[in-house]
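Every number in this text was worked out from the coordinates using simple rules, so none of it is lab data. Computed from a predicted structure; not experimentally measured.
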Amino acid sequence: MVYAVMIVIMVALDRWSKIWAQDVLTKVDTIPVIQNVFHMTYVENRGAAFSILNGRVGFLILFTGLVLVVLFFLLFLGVKKEESKVLLMALTAIIGGAIGNIYDRAILGYVVDYFDFRLINFAVFNVADVFVVCGSILLGIYLIFIEGKKAKKQ
């Protein structure tokens with residue numbers, strides 16, 4: 001139950017931030033938080049990460065939907081088996097972020113992005129992306145350091 005609540009909170013934070021971006025950032029070119037380093041810039045991303053598969057919204061919705069089904073199943077099994085909290089948090093974060101972005105694609109036809117790190121010329125991204133990346137890092141930590149140690153002991 002706690003993981004479901006966390007997913008709802010993540011999706012709500014993502015929605016709130018995107019509504020703010022659409023309301024505020026569409027009226028200005030950009031808001032420099034730290035000039036030439038970090039800006040808040042409204043972007044409509046019609047692709048996936050780094051705008052790959054640009055214009056393939058239907059495919060991205062289908063693919064993300066299938067991944068979400070698998071992730072929910074793994075989360076359900078993980079909770080039932082009382083798996084590592086690191087694994088469960090990783091799955092929760094990835095699910096929360098994926099729902100945030102699939103919502104945008106399904107309703108708007110694009111994903112709203114606004115975090116703009118200009119110092120390193122990085123792709124503009126959003127809160128949902130942060131959840132997916134943090135969850136993926138946690139999943140990697142789990143697989144290498146927790147599950148990997150279990151495998152070595154056997």
Revision key, fill the gap. Dividing the helical contributions, -39500 (n - 2.57) per DSSP H run of n ≥ 4, by the residues of the chain yields a 222 nm value, nearest 500 deg cm²/dmol, of -20500 deg cm²/dmol
**Study point:** Spread of Cα-to-Cα distances over 10 Å intervals beginning at zero, given as percent, for the range 2-153
**Key:** 11, 36, 32, 16, 4, 0
Practice item. Calculate one ³J(HN,Hα) per residue across the range 102-109 by plugging θ = phi - 60° into the Karplus curve 6.51 cos²θ - 1.76 cosθ + 1.60, and present them in order as whole Hz with x for glycine and proline. Key: 5, 4, 4, 4, 6, 8, 9, x
Review point. Using a Cα distance threshold of under 23 Å, what count of lysine pairs results for the chain when pairs must be 8 or more residues apart or interchain?
Key: 11
Revision key, fill the gap. Computed over the Cα atoms of the range 24-99, the Rg and Dmax in Å are 17.4, 50
**Study point:** Kirkwood estimate for the range 79-143, i.e. one over the average of 1/r between Cα atoms, Å
**Key:** 12.9 Å
